[in-house]
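Heads up, the thing below is written out as structure tokens.
The values are calculated or read from the model by the stated rules, or taken from the named source; none is laboratory data. What you are looking at is a predicted structure, and each value in this text was computed from that prediction instead of being measured. Don't worry about glycine lacking a Cβ; one is built from the backbone with ideal geometry, like all the others, and counts go over all protein chains shown. For the accessible areas, the whole protein counts, side chains as well, though only heavy atoms, and no ligand, DNA or RNA atoms are used. Shrake-Rupley method; radii C 1.70, N 1.55, O 1.52, S 1.80 Å.
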Amino acid sequence: MRVIVELNREAVGRRAAQFVADLVRREPTCVLGLATGGTVLGMYAELVRLHREEGLDFSRVVSFNLDEYVGLGPSHPQSYRFFMQQHVFDHINIDVRNTHVPDGRALDFEAHSEQYEKMIKEEGGIDLQVLGIGTDGHIAFNEPGSSLGSRTRLKTLTEETVRDNARFFGSMEDVPQLAVTMGVGTILESRRCLLLACGDAKAKAVRNTVEGPVTAQVTASALQLHREVVAIVDEDAGRLLERRDYYRQVEQAQTLLRSGRAPQIAADR
Ligand code: F6R
């Protein structure tokens, strides 16, 4: 896993947006896997800026979001569809018909989940999956104990996640207990993953994910099995990483590679 430690939240957002923008420029018909939450806001703001000021073109991009709360429809201000429209889709030139968020009000979640997986396959799979991480080490809503081979399905949120997300709802009672979420297996099938983490509260989860054992108790640790993951964290979220100095050294070597002063080889995954 490549680990990039940035100074602060803003720098994480800009760096993450660069990765997404590079892909969109290189492959204008790419399929993006998208996340919601506080961490990704900076990245979305930068992507909107790149669209407005530099004409970054999303017209042929397809997107699939990771998850949605059960019971919330698209017009509910806390639903993830609403979040995506509010922060991203309404401000760029993506065709809304090419954007997919699981339906929190599906009548048959099993059928809906299967259909979601099928749609991802029909689009040729996800080229770049953007991920945040929960304080309990979850990716999407794959809470501790989720099968590392899991597919899109319903998942019960842990008390920790409900507490963490209560800040968006006002009270813990208002946070839905269930979500429909891509599985760890679904995420591992994407071609590249970008894991973002900011703030002190994520430090332990980041340490366990990057340097701990691969375990279903920290579902993000399954990313160690993926061949192309870049984790971008800020100083606070990266503060417990034991090999920070090495990660910096790798980044310096990457800079050299990019500047053409070192042989062009695929390195340091
Ligand atoms: C959201 C999602 C979650 C969040 C995670 C971190 O679509 O899949 O895994 O990425 O809970 O949330 P924030 O960024 O709000 O701390």
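Share of the range 1-141's accessible area from carbon and sulfur, percent, 1.4 Å?
49 percent
Using DSSP, restrict attention to beta bridges with both residues in the chain and report what percent are antiparallel, rounded to the nearest 5.
Around 30 percent antiparallel, to the nearest 5.
What percent of all Cα-Cα pairs in the chain falls in each 5 Å bin, counting up from 0?
All Cα pairs, binned at 5 Å, distribute as 1, 6, 13, 18, 20, 18, 13, 7, 3, 1, 0, 0 percent.
Could the peptides 90-103, 2-15 be put in order, highest first, of the mean number of other beta-carbon atoms found within 10 Å of their residues?
2-15, 90-103
Under a cut-off of 15 Å between alpha-carbon atoms, report the aspartates and glutamates in cross-link reach of K121, not counting same-chain residues fewer than 8 places apart.
Answer for K121, where 15 Å is the Cα cut-off: E189, listed by chain and number.
Please list, by residue number, every one of the GluC sites (Glu not before Pro) in the range 197-242 that is coil in DSSP and has at most 11 other beta-carbon atoms within 10 Å.
E242
Over the range 102-187, what relative contact order in percent results from Cα pairs under 8 Å that are six or more residues apart?
33 percent
Within the range 110-247, what percent of beta bridges assigned by DSSP are antiparallel, to the nearest 5?
40 percent
Select from R153, R25, R258 the residue whose mean-square fluctuation is largest in a Gaussian network model of the chain (Cα-Cα springs shorter than 10 Å).
Between R153, R25, R258, it is R258 that shows the largest mean-square fluctuation.
Excluding residues on the same chain fewer than 8 positions from K155, give the aspartates and glutamates whose Cα lies under 13 Å from its Cα.
Cα-Cα hits under 13 Å: D67, E68, E110, E143.
Size of the dipole of the chain about the Cα centre, Lys and Arg at +1 and Asp and Glu at -1 on the beta carbon, nothing else charged, in debye to 20?
740 debye
Each residue of the range 187-198 in order: what ³J(HN,Hα) in whole Hz does its phi give by Karplus 6.51 cos²θ - 1.76 cosθ + 1.60, θ = phi - 60°, with x for Gly and Pro?
5, 5, 7, 5, 5, 9, 10, 10, 9, 10, 8, 9
For the chain, what is the accessible area per residue in Å² when the probe is 1.4 Å?
Per residue, the chain has 46 Å² of solvent-accessible surface.
Classify the range 39-126 as rounded, prolate or oblate, taking a ≥ b ≥ c as the square roots of the eigenvalues of its Cα gyration tensor: rounded when a/c is under 1.5, otherwise prolate if a/b is larger than b/c and oblate if not.
It comes out oblate by the Cα gyration axes.
Counting helices only, and only those DSSP H runs with n ≥ 4, report the 222 nm mean residue ellipticity of the chain as the sum of -39,500 (n - 2.57) divided by its residues, in deg cm²/dmol to the nearest 500.
Computed ellipticity for the chain at 222 nm equals -11000 deg cm²/dmol.
Over the range 2-259, what is the relative contact order in whole percent, taking alpha-carbon pairs under 8 Å and six or more residues apart?
So the answer I get is 24 percent.
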